[in-house]
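For reference, the structure discussed in these notes is given below.
The values are calculated or read from the model by the stated rules, or taken from the named source; none is laboratory data. It should be emphasised that the depicted structure is a prediction, and the values quoted were computed from it without experimental measurement. Neighbour counts run over all protein chains shown; Cβ positions are idealised from the backbone, glycine included.
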Amino acid sequence: MDHLLDDLNPPQRDAVLAGDGPLLVLAGAGSGKTRVIAHRIAHLLGVRGVHPRNVLAVTFTNKAAGEMARRVDALLAPAGIRAPLIATFHSACVRILRAHGEAIGLPRHFTIYDEDDRAALVKECMKEGELAERTFTPSAAAHRISYLKNQMVSVQDALR
């Protein structure tokens, strides 16, 4: 694992060697962010002895997660070290909730609704609540619900 720092420039090396705890890497396109993060993960696991379950790398896209995982695997596999969880924010959160959601009252096999599911549910609720679609469209109602949730407005307060 001694080779991890060889091809890095000084700022990249500093990021890989940064102290304990979380690290946020902000840099422009093509500056080597993925490389730095992959090398940092490999350094943490291969040099500092951090267990893979204590590392989580999250990205915004499946493509980025796949690329990150590929790079980390390439660095760790020769040493026989298992890679940590590298996933999108959404897939990492779903995985965590499926494993531990019962602690907050969430069933293990919960369902995640997509846009079509959400639209159908809002439409059904509007029908049950006898709200005419001419008053609110299902889309407008869904956006209003989303807005209120983002504002942390309780159901009770929203109904006032």
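Among the residues examined, H100 does not qualify as within 20 Å of the chain's Cα centre (by Cα), loosely packed, with under 12 Cβ neighbours inside 10 Å and not assigned by TED's automatic domain parsing to the domain that holds I41. If we scan the stretch 122-143, do we find a residue that is under 22 Å from V94 (Cα atoms), without any contact (Cβ under 8 Å) to a residue 24 or more places away in the chain and not assigned by TED's automatic domain parsing to the domain that holds A99? Checking the stretch 122-143: not a single residue is under 22 Å from V94 (Cα atoms), without any contact (Cβ under 8 Å) to a residue 24 or more places away in the chain and not assigned by TED's automatic domain parsing to the domain that holds A99.
Residue-wise test of (1) touching a residue at least 24 places away in the same chain (Cβ under 8 Å); (2) within 16 Å of A74 (Cα to Cα); (3) surrounded by fewer than 16 Cβ atoms within 10 Å (Cβ to Cβ).
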{"residue": "L5", "(1), (2), (3)": "yes, yes, yes"}
{"residue": "Q12", "(1), (2), (3)": "yes, no, no"}
{"residue": "V16", "(1), (2), (3)": "yes, no, no"}
{"residue": "G19", "(1), (2), (3)": "no, no, yes"}
{"residue": "L24", "(1), (2), (3)": "no, no, yes"}
{"residue": "G28", "(1), (2), (3)": "no, no, yes"}
{"residue": "S31", "(1), (2), (3)": "no, no, yes"}
{"residue": "I41", "(1), (2), (3)": "yes, yes, no"}
{"residue": "L45", "(1), (2), (3)": "yes, yes, no"}
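Could you list, in sequence order, the residues of the stretch 59-74 that are loosely packed, with under 12 Cβ neighbours inside 10 Å and part of a helix (DSSP H, G or I)? Residue satisfying the conditions is K63 alone. For the stretch 75-100, filtering for residues that are under 16 Å from L4 (Cα atoms) and either in a loop (DSSP other than H, G, I, E, B) or touching a residue at least 12 places away in the same chain (Cβ under 8 Å) (or both) leaves 6. The set of residues from the stretch 5-38 being assigned to a helix (DSSP H, G or I) and under 20 Å from the mean Cα position of the chain (by Cα) comprises K33, T34, R35, V36, I37, A38. Give the number of residues within the stretch 31-84 that are touching an Asp or Glu at 6+ places or on another chain (Cβ under 7 Å) and small (G, A, S). Residues flagged as touching an Asp or Glu at 6+ places or on another chain (Cβ under 7 Å) and small (G, A, S) within the stretch 31-84 amount to 1. Among the residues making up the stretch 120-160, those that are of a type in the set (A, V, I, L, M), part of a helix (DSSP H, G or I) and either exposed (fewer than 12 other Cβ atoms within 10 Å of the Cβ) or more than 29 Å from the chain's Cα centre (by Cα) (or both) are M126, V155, A158.
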